[in-house]
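Colleague: Here you go, one structure.
Every number in this text was worked out from the coordinates using simple rules, so none of it is lab data. The structure presented is a predicted model; accordingly, all values stated were derived computationally and were not measured. Every residue, glycine as well, gets a Cβ built from its backbone with ideal geometry; the counts of neighbours run over all protein chains shown.
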Amino acid sequence: MLVYHSTFAAPKKKKKKMMLKELILLVQNNYDILLLTLLTVAVTFIATKAWRSSTVAGNIPGRLGIPFIGETFSFLSATNSTKGCYDFVRLRRSWYGKWFKTRIFGKIHVFVPSSDGAKKIFTKDFVDFNKGYVKSMGDCVGKKSLLCVPHESHKRIRRLLSDPFSMPSLAKFVRKFDELLSQRLKKLEESGKSFVVLDFSMKMTFDAMCNMLMSITEESVLREIEKDCTAVSDAMLSFPVMIPGTRYYKGIKFVKEEVAPFKILFNLATAENNENLIKQARQRLMETFKRMIARRRSGKEFHDDFLQSMLDRHSYPSSEKLDDSEIMDNLLTLIIAGQTTTAAAIMWSVKFLDDNREAQDRLREEQLSISRTKKDRDLLSLEDLNSMSYGLKVVKETLRVSNVLLWFPRVVLNDCIIDGFEVKKGWHVNIDATCIHYDSDLYKDPLQFDPSRFDEMQKPYSFIPFGSGPRTCLGMNMAKVTMLVFLHRLAGGYKWTVDDLDPSLEKKAHIPRLRSGCPITLKAL
Ligand code: HEM
């Protein structure tokens, strides 16, 4: 056997050597063709994998595209148009149906379109789902913010912050806001000039909140703080897809600076510069808050406000009080979470009422009947607000139709099934409040502005402008009373004309707002 083997081994070796030589020659002569073939195979492999995962995984239709990039550019393009970023969602829903998934900035996102899906996520918040914590979020509002802290701290901080936002505690806020608003509207009417409702309501809500939280009333201080808050808020609130991740956040800043999309991925120097500006704005705000706390602690200043109610707990056990950094981070959080949202909602109420004169007339009738029960200079009380039943329906319908927060993002903590669809750990699920609010199975003629639809009770989880569950909007009551006072003073005191009817939306804004900001001119009744 051995002999037989050795007899034939020599020519076989020779043959092998020759073949190898031929192969090397072949490779040398056809290097470019082989490289191209290899590349084609690699690209086909990646594309097939991406296609498979986009059509099979989780049974949710949609396109994930190539890793990391996915549909990021389509999302940015929708964001950069006057149709608004929800157009990205609307378009995909027309292609795939209500449930679809996509990949944006490297993360897989599923848009959850149903009230049952919303219920599942809200009731399992902190268990199977959570807001994704990312460093840049902490850099903006601070690590101790309600938006960033882990579950246990969230429960404690939320409980301690809640009292000033309860209905009875808001009575003082209502009077202060009413006084400020009445004066400013009167001035505007007397000037006879057109003014932009969005700018007006941004300033109004900011000033009223700073007054309620920290008793700041001095114009120069307010404007200084507002500038820094806006810088932080712009960086934070820009993208509702997820809480900004570092890369994501950098993307936002590029978008804001009109940089071509491909540079978003590569030009990191400007992004870092922007990050530094945000950090400086935050630092200035923290220093202002620190000085304010020090003055109160030294007894030089005392005010009957939110900040004082927090500081007055200094002798309580640590589980029953907030430390200074918790107070400061959450002061900033409240201002940022409250100002832009409420101001946008106020702007939409003016626009919707202008488009729906019947609703406007009915609202005016109710508000005038309340005014008739009061003396000339009487300010509104909580009881007055409680009697605004039609006013409250206007508030609700404004929030339903405008969808100030289009969707609420969560990260999946454990693989699970929502509405029969499989979602994987690490994916992002966005509770699509807009889709739920426009669902014709839940609302008849959903695109129609009709406050009377709230004569009837809504199905659970079908009206969620303030979210639900452990993370329900903390400022929900404050937002509602602010809007009611505004509607009372506007509809009960004036008629108005909208001076720019252009319906296009502000570009690059992730809270839907009219590009014009809704300019109006007032005329006293
Ligand atoms: C029309 C106005 C407003 C709307 C539509 C709105 C909407 C929302 C929504 C939907 C959430 C929950 C988001 C989620 O589940 O991910 C939320 C949370 C929050 N909102 Fe509002 N909001 C408004 C006004 C305010 C105001 C006036 C304040 C305070 C001054 C405020 C403070 C907060 C805070 C602190 C949270 C976080 C709660 C937590 O994580 O526990 N909001 N808001």
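Colleague: Output needed for the stretch 56-524: three equivalent-ellipsoid semi-axes, defined as square roots of 5 times the C-alpha gyration tensor eigenvalues, in descending order, whole Å.
Modeller: Result for the stretch 56-524: semi-axes of 34, 29, 22 Å.
Colleague: Quick one: dipole size for the stretch 293-383, taken about the Cα centre, charges +1 on Lys/Arg Cβ and -1 on Asp/Glu Cβ, in debye to the nearest 20.
Modeller: Roughly 300 debye, rounded to the nearest 20.
Colleague: While we're here: Within a 10 angstrom radius of the beta carbon, how do 320, 326 rank from fewest other beta carbons to most?
Modeller: Sorted ascending by nearby Cβ count, the order is 320, 326.
Colleague: Let me ask something additional. Per q in 0.14, 0.18, 0.20 Å⁻¹, report the Debye log10 I(q)/I(0) for the stretch 150-240, using one uniform scatterer on each alpha carbon and no solvent.
Modeller: So the normalised log intensities are -0.70, -1.05, -1.17.
Colleague: Tell me which of 118, 200, 401 sits at the most positive position along the dipole axis of the stretch 56-524, charges placed on C-beta atoms (Lys, Arg +1; Asp, Glu -1).
Modeller: Checked the options; the winner is 118.
Colleague: Continuing with this model, one more query. Quick one: compute a quarter of the convex hull surface over the Cα atoms of the stretch 290-333 and quote it in nm².
Modeller: Over all viewing directions, the stretch 290-333 projects a mean Cα-hull area of 3.1 nm².
Colleague: Quick one: order 197, 221, 232 by neighbouring beta-carbon count within 10 Å, fewest to most.
Modeller: 221, 232, 197
Colleague: Taking the Cα centre of the stretch 372-525 as origin, work out the dipole magnitude from +1 charges on Lys and Arg Cβ and -1 charges on Asp and Glu Cβ, in debye rounded to 20.
Modeller: 540 debye
Colleague: May I pose another question? When N counts the residues of the stretch 284-424, how does its alpha-carbon radius of gyration compare numerically with 2.2 N^0.38 Å, as a ratio?
Modeller: So the stretch 284-424 has a normalised radius of gyration of 1.53.
Colleague: Can you put 140, 518 in order of Cβ neighbours within 10 angstrom, beginning with the fewest?
Modeller: 518, 140
Colleague: Kirkwood hydrodynamic radius, computed over distinct alpha-carbon pairs, for the stretch 339-493: how many Å, to one decimal?
Modeller: Final number for the Kirkwood radius of the stretch 339-493 is 17.1 Å.
Colleague: Please name whichever of 449, 503, 522 sits farthest to the positive end of the charge dipole of the stretch 408-525, dipole taken about the Cα centre and charges placed at Cβ: Lys and Arg +1, Asp and Glu -1.
Modeller: Value: 522.
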